[in-house]
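Taking it in order: structure first as structure tokens, then the write-up.
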Amino acid sequence: MSIEHTSVLGMALDRERRAAIERMNIMRLVAVSGYVAVLLVLGVLLDAPAWASGTVPALLYLALAVLLLLLGRSPRVPHDWMRFSVPLVDTPIAAWTSWGAAQTGAAAGVVGRGVAVFAGLILIVCSSLDRRLIVIEAVIACACESALQVAVGISMGAIVFTWVLLGSIAGACTYLVHRVEGLLESTVAEQLQRERLERYFSPSVSREVQRVDFETEVQTRSGTILFSDVRGFTAMCEQHEGTDVVAFLNEYLTRMVDVIFAYGGTLDKFMGDGILAYFGAPIDQDDHAHRAVQCALAMQREVQAMAASATAAPWLGLRTGIGVHRGTAIVGSIGSPRRREYTIVGDAVNLASRIEGLTKELGHAVLISGSTQRMLPATFPVLPREAITVRGKREPVLVFAVRTEGGQVAAVQG
């Protein structure tokens with residue numbers, strides 16, 4: 001289980017346990033109110049001494065139930081302490097009231113009724129989703145009930161049966177909590193995976209990818225890689241306040257990702273002002289090269305629109321360079337056990353980065369490799385360039401500048 005998964009699961013359980021405290025306090029108040037009502041009817045109206053003797057303790061218990069409800073809602077009271085209210089408060093009080101009622105006669109019946117009360121308390125504690133608390137409650141309940149049974153002379157066989165009964169109920173509750181934790185863990189895992197997919201992939205791609213175990217699966221895929229970079233970003237950081245630069249990056253990256261997702265691309269990562277995206281993985285896209293180039297042009301149009309409508313720095317004069325290359329790369333979950341990312345690696349990724357770096361040198365906003373150009377329609381407007389030696393490659397690489405819809409070559413200023 002990843003650290004992120006463990007953290008989210010822990011927070012989900014903590015929220016549920018906080019809510020369980022509120023539920024237990026309400027259940028206690030309702031149960032005690034009902035118990036007081038029964039005592040008043042049977043003990044006072046029907047004049048039954050065995051029931052009437054417990055009226056005063058029950059009223060005190062009702063007042064305590066109200067107090068515990070108020071304390072549970074107070075932010076000043078640690079909720080961890082409130083979890084133990086049932087085994088440390090309710091169970092001893094239940095034993096006390098049963099003992100008081102047993103002194104008036106029909107002791108065996110009163111003590112036998114206590115078994116049902118203690119079983120109910122175990123069920124209430126079950127709602128806390130805390131298995132250790134269930135065990136603690138079961139032990140205290142068995143101890144209290146056994147002390148009552150010994151005091152009124154109940155046989156050892158009946159006492160052992162009580163242990164088995166209350167222990168079985170606690171065991172069933174513990175297993176139920178275990179199952180709930182498992183379901184919650186599965187739900188959290190699915191939620192985390194869905195959130196990660198939405199960060200990486202467009203909604204349409206995300207729905208397809210949910211059928212794949214992208215956390216462990218690693219594939220060698222043919223795809224098209226896109227690198228984008230803001231020109232003059234270092235100087236921009238030097239000339240503007242950090243808050244302005246962050247605000248700029250947030251809006252810029254948001255718009256670029258929207259464009260990438262619109263063309264079915266996968267967002268790999270942000271590298272400061274740089275963007276790495278790819279097409280053709282993790283699901284097949286026969287036209288991944290065409291998608292990538294069209295996406296690059298759409299990104300440039302968005303940049304030009306932002307710069308044209310800008311009224312203040314750092315948007316004024318905004319320029320970007322984009323490199324696109326089709327090749328074979330490794331796609332999958334890569335990293336350490338403490339931190340893994342679904343990413344793309346390989347020589348094709350490095351070459352796409354090198355081509356993006358050439359946009360500044362050659363003065364074009366969008367450059368694509370020859371392997372990318374061969375996958376485009378024959379009528380696609382590109383301007384061939386001579387083969388260029390790229391750092392890290394022995395053989396020269398043929399690159400093309402992409403023309404815009406107006407017939408002009410997209411240009412970028414150094």
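The values are calculated or read from the model by the stated rules, or taken from the named source; none is laboratory data. Just so it is clear, the structure is predicted and the values come from calculations on it, not from any experiment. Here Cβ is always computed from backbone atoms with ideal geometry, including for glycine, and neighbour counts include all displayed protein chains. Side chains included, ligands, DNA and RNA excluded: accessible areas come from the protein's heavy atoms. Shrake-Rupley method; radii C 1.70, N 1.55, O 1.52, S 1.80 Å.
Within the range 133-155, no residue that is on the phi > 0 side of the Ramachandran plot and of a type outside the set (D, E) sits with its Cβ atom under 9 Å from a residue that is part of a loop (DSSP other than H, G, I, E, B) and at pLDDT below 90 at 6+ positions apart or across chains. When D80 is tested against (1) at pLDDT below 70; (2) open to solvent by less than 50 Å² (accessible area, probe 1.4 Å); (3) under 46 Å from the mean Cα position of the chain (by Cα); (4) not small (G, A, S), just one condition goes unmet, and that condition is (2).
Go through the range 231-249 and count every residue that is of a type in the set (A, V, I, L, M), touching an Asp or Glu at 6+ places or on another chain (Cβ under 8 Å) and at pLDDT below 85. Break it down stepwise before answering.
First pass over the range 231-249, keeping only residues of a type in the set (A, V, I, L, M): 235-236, 245-247, 249.
Those left that are additionally touching an Asp or Glu at 6+ places or on another chain (Cβ under 8 Å): 249.
Going one step further and asking which of them are at pLDDT below 85, we end up with none.
Number satisfying all stated conditions: 0.
Applying a threshold of 7 Å to beta carbon distances and a minimum spacing of six or more residues, or different chains, the list of pairs starting in the range 379-394 at a residue that is of a type in the set (A, V, I, L, M) and ending at one that is open to solvent by less than 80 Å² (accessible area, probe 1.4 Å) and modelled with pLDDT under 75 reads V382/R403; L383/R403; L383/V409.
Inside the range 260-277, can you point out the residues that are open to solvent by less than 20 Å² (accessible area, probe 1.4 Å) and more than 23 Å from the chain's Cα centre (by Cα)? Spell out how you get there, then give the answer.
Of the residues in the range 260-277, the ones open to solvent by less than 20 Å² (accessible area, probe 1.4 Å) are 260, 264-268, 273-277.
Matches in the range 260-277: I260, G264, G265, D273, G274, I275, L276, A277.
Out of V205, V188, I need the residue that is modelled with pLDDT under 80, crowded, with 18+ Cβ neighbours inside 10 Å, under 21 Å from the mean Cα position of the chain (by Cα) and over 30 Å from S371 (Cβ atoms). Which one? Step by step, each of V205, V188 is checked, and only V188 is modelled with pLDDT under 80, crowded, with 18+ Cβ neighbours inside 10 Å, under 21 Å from the mean Cα position of the chain (by Cα) and over 30 Å from S371 (Cβ atoms).
Within the group V324, V303, V366, V331, which residue is farther than 30 Å from F248 by Cβ, buried (at least 21 other Cβ atoms within 10 Å of the Cβ) and among the β-branched types (V, I, T)? Before the answer, list the steps.
Working: V324 fails: farther than 30 Å from F248 by Cβ; V303 fails: farther than 30 Å from F248 by Cβ; V366 fails: farther than 30 Å from F248 by Cβ.
None of the others qualify; the one that does is V331.
Among the conditions (1) part of a strand (DSSP E or B); (2) open to solvent by 60 Å² or more (accessible area, probe 1.4 Å); (3) closer than 25 Å to P377 by Cα, D286 misses just one, which is (1).
So that you can scan it fast, the table gives a plain yes or no per residue for (1) more than 22 Å from R301 (Cβ to Cβ); (2) without any contact (Cβ under 8 Å) to a residue 40 or more places away in the chain; (3) part of a helix (DSSP H, G or I):
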site	(1), (2), (3)
Q219	yes, no, no
S222	yes, no, no
A235	yes, yes, yes
V259	no, no, yes
